[in-house]
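I have placed the structure first, in the form of structure tokens, so that the comments after it can refer back to it.
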Amino acid sequence: MASDMTNARSPKDRGSVDQDQFLTILSREDASARFEAALFPRAIPSEQRLLSDALGCALAEDIVAPIDVPPFDRSNVDGFAVRSADLASATEATPVRIMLNDEVIACGTAPTRPVLSGTATSIATGGPVPRGADAIVMVEHTQPAGPRAIEIRRAASPGQFVSYAGSDIARGEALLRAGTMIGSREIGMCAACGIARIPVARRPRVAVISTGDELVQPGQPLWPAAIYDTNGAIVASAVNENGGDAVFLGAIADDEEQLEAAMRKALQASDMLVLSGGTSKGAGDVSHRIIARLGKPGIIAHGVALKPGKPLCLAVCDGKPVVILPGFPTSAMFTFHDMIVPVLRRMAGLPPRSDAKVTAKVPVRIASELGRTEFVMVSLVEGDQGLIAYPSGKGSGAITSFAQADGFLRIDALADQMPAGTEAEVTLFTPHVRVPDLVIVGSHCTGLDLVTAPLARAGLSVRSIAVGSLGGLAAARRGECDFAPIHLFDEATESYNTPFLMAGLELVQGWRRMQGIVFRVGDARFEGLNAQDAVAAALADASCIMVNRNQGAGTRILIDRLLGEARPDGYWNQPRSHNAVAAAVAQHRADWGLTIAPVAHAAGLGFIPLAEEHYDFALVTARKQRPAVQAFLEALASEESRAALERAGFRPA
Ligand code: AMP
Ligand code: MG
């Protein structure tokens, strides 16, 4: 069990407190400092690698240039190698006639004759400048003047069009410093100096193990109550992104003997071991007990004042770091990036990651628990005055929020909030984040993907952030998005959406979604009835369980109207999405609920239509001329998306 609660603490006792679940809770800063003190300083093993294998490695030692580049004085143009003094008097009116030497210096040809006064030698770009010459005259600035002679009508300054030996890289100069990450530029610099192998830090081998009886590897079928192993894949790839060589060893059941055998074997063959799950002190959680037997000094921190991520366990066993990340994928990700990546990079000889941090403004106040360092997932969008970081956390269990999030920000343990307008540092999950061309913030609908498909094909990136209709309107008013999709019913006017628009927003009609009763095909209580009769039948059967929707959802208004005063079993089950309603019915946790037709059909469920809801877009007028907005409007009106919407069960306006 990974319960993730902690007692709020006053800022004074920041070090550690006693608590029954974890003996000692360390602050993030304390835990990191102790972990690093147990690991560093340490020798970083290095190896010689061929240039072609060194991409992405960290250079282990300084490299000194063994030769000059270029290795000789070289011509930069096609022309003639001359003595500049010969041309001192050359003008348009008084051309100077120069005799040509009997050789042509092509690239790769060493000169054999000196350039004596009154002579010149024909030379190609890249050719070595011959003895005696001190400048090059471009061929365009000369004219043939009889056999083996040219005429020149302008003076040449000494050194003109000559690259001197060592002007690019000088022999003996520090070419690259230890710790440099090797990219194509660095490889090119070594190649120019003739270096074929370079000393690089050996990439640490990092064994990755997932733990949990419930885990199934992607590609295998899920059994009831099983989930896919997410952490294994994420952690292994994040290790590779940060200078390590991950060796993923699969998921191991919560069995002390099996797990201990796997951990011992993994540790023997690697420089670091990263597990996830099983770190709380629940009955099935055994990995931390095993660590205590693996080597000295053992556990450094078990329980860190993080939210989420409190169960994090940091250990060092005979010099090798052993980490147990919390089981929830988002918690695993935060703690890995924030506290493990710096250690991994140091072991890999790499500097702290600079490409994975950006500064962005937080548009809304974020409340935070005092006493714990809090991680908040954010999506980045381009605002009028720079980057905006939209908090998009959905709780520590949600992998789905990764899909929308670009990274996370951190709120200090001593702060009880991050005020709106804060310029926060955001740690990116991967550095190649691209700020979207079109930003849609509001209510989510599967139909949206059908309309944005042509934009994606045209190379425009679209970000849609699901915050509900009202949240979308607020974002639109602050100018943080292009469109806010909304489906809000106004009871006073009995109409949709228009009454909710504010100044600066205009309505773009979207499509209609049929809402109705969802049930399992073949359930005689519903089959063939209309909505009112179906609800009456459900209410008449005490064993019939419903699934409701959250307060504030458009669908909830319809349900309340249907139910009147009735509060049937299941009323208090109030999920926040159409899909959750369909899943509850499909999995027999409920017998009926209200959802939209496309969702019911996609889940293979029966459906009784009830009422159509209007899903429209509040467009921020000031952003109307943006190319991506125009592209979206075109896509919305196109025959292609209208047909796709209809096929999916929507009715375009
Ligand atoms: P635990 O710390 O093992 O109690 O796990 C806490 C939560 O994270 C449980 O809901 C687990 O099912 C989930 N979890 C643990 N490991 C993984 C994993 N590798 N992939 C996805 N979810 C996981
Ligand atoms: Mg577990």
Does the range 593-610 hold any residues that are under 17 Å from GLY447 (Cβ atoms) and aliphatic (A, V, I, L, M), and which are they?
ILE596, ALA597, VAL599, ALA600, ALA602, ALA603
Just one of the numbered conditions (1) part of a strand (DSSP E or B); (2) among the β-branched types (Val, Ile, Thr); (3) free of Cβ contacts under 8 Å to residues at least 24 places away in the same chain is not true of THR112; which one?
(1)
On the basis of being away from ligand 2 (no atom under 16 Å from the Cβ) and either under 29 Å from MET272 (Cβ atoms) or buried (at least 18 other Cβ atoms within 10 Å of the Cβ) (or both), does ALA207 make the cut?
yes
Picking from LEU636, LEU610, which residue would you name as being assigned to a helix (DSSP H, G or I) and surrounded by 19 or more Cβ atoms within 10 Å (Cβ to Cβ)?
LEU636
Of the listed residues (ARG148, ARG153), the one being more than 16 Å from ligand 1 (Cβ to nearest atom), out of contact with any helix residue (DSSP H, G or I) (no Cβ under 8 Å at 6 or more places or on another chain) and of a type in the set (D, E, K, R) is ARG148
With surrounded by 17 or more Cβ atoms within 10 Å (Cβ to Cβ) and over 30 Å from ILE291 (Cα atoms) as the only criterion, which of ILE252, ILE187, ILE198 stands out?
ILE198
In this structure, is GLU36 in contact (Cβ under 8 Å) with a residue 60 or more places away in the chain, of a type in the set (D, E, K, R) and outside any loop (DSSP other than H, G, I, E, B)?
yes
Anything in the range 211-248 that is in a loop (DSSP other than H, G, I, E, B) and more than 13 Å from ligand 1 (Cβ to nearest atom)? List them, or say none.
GLY219, GLN220, PRO221, TRP223, PRO224, ASN242, GLY243, GLY244
Can you spot a residue in the range 228-239 that is touching a residue at least 12 places away in the same chain (Cβ under 8 Å) and exposed (fewer than 15 other Cβ atoms within 10 Å of the Cβ)?
no
Could you run through the range 258-278 and say how many residues are surrounded by fewer than 15 Cβ atoms within 10 Å (Cβ to Cβ) and within 15 Å of ligand 2 (Cβ to nearest atom)?
1
Would you confirm whether or not the range 268-287 contains a residue that is modelled with pLDDT of 95 or more and touching a Ser or Thr at 6+ places or on another chain (Cβ under 7 Å)?
yes
Run down ALA207, ALA191 and say which single residue is of a type outside the set (Val, Ile, Thr), within 16 Å of ligand 1 (Cβ to nearest atom) and closer than 23 Å to SER46 by Cα.
ALA207
Counting only strands (runs of 3 or more DSSP E) wholly inside the range 255-333, the ones holding at least 1 residues that are near ligand 1 (Cβ under 10 Å from one of its atoms) are 272-276, 320-325
Between a residue in the range 240-253 that is without any contact (Cβ under 8 Å) to a residue 12 or more places away in the chain and any residue that is of a type in the set (A, V, I, L, M) and crowded, with 23+ Cβ neighbours inside 10 Å, which pairs come within a Cβ distance under 6 Å, given they are 6 or more apart or on different chains?
ASN240/ALA246
From (1) modelled with pLDDT of 95 or more; (2) in a helix (DSSP H, G or I), pick out the condition that doesn't hold for ARG556.
(1)
Given the options ARG113, ARG74, ARG49, name the one that is touching a Ser or Thr at 6+ places or on another chain (Cβ under 9 Å) and under 27 Å from ILE169 (Cα atoms).
ARG74
Hits in the range 120-140 (condition: crowded, with 23+ Cβ neighbours inside 10 Å and out of contact with any helix residue (DSSP H, G or I) (no Cβ under 6 Å at 6 or more places or on another chain)):
ALA120, THR121, ILE123, GLY127, VAL129, ALA133, ILE136, VAL137
Residues in the range 604-623: is at least one among the hydroxyl-bearing types (Ser, Thr, Tyr) and under 21 Å from LEU460 (Cβ atoms)?
yes
Could you check the range 393-509 for strands (runs of 3 or more DSSP E) lying wholly inside it with 1 or more residues that are exposed (fewer than 14 other Cβ atoms within 10 Å of the Cβ) and in contact with a Lys or Arg (Cβ under 9 Å, 6 or more places away or on another chain)?
423-428
Restricting attention to the range 368-396, the residues that are under 14 Å from GLY421 (Cα atoms) and modelled with pLDDT under 80 number exactly 2
Quick one: how many residues across the range 402-457 are of a type in the set (D, E, K, R) and over 22 Å from the mean Cα position of the chain (by Cα)?
2
If I go through the range 353-363 residue by residue, how many of them are buried (at least 18 other Cβ atoms within 10 Å of the Cβ) and not in a strand (DSSP E or B)?
4
Residue satisfying all of: in the range 279-320; farther than 16 Å from PHE35 by Cα and of a type in the set (A, V, I, L, M, F, W, C); farthest from ligand 2 (Cβ to nearest atom) among these:
LEU294
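The values are calculated or read from the model by the stated rules, or taken from the named source; none is laboratory data. Predicted, not measured: the structure shown is a model, and the values here were computed from it. Reconstructed Cβ throughout: ideal geometry from the backbone, glycine too, with neighbour counts over all protein chains shown.
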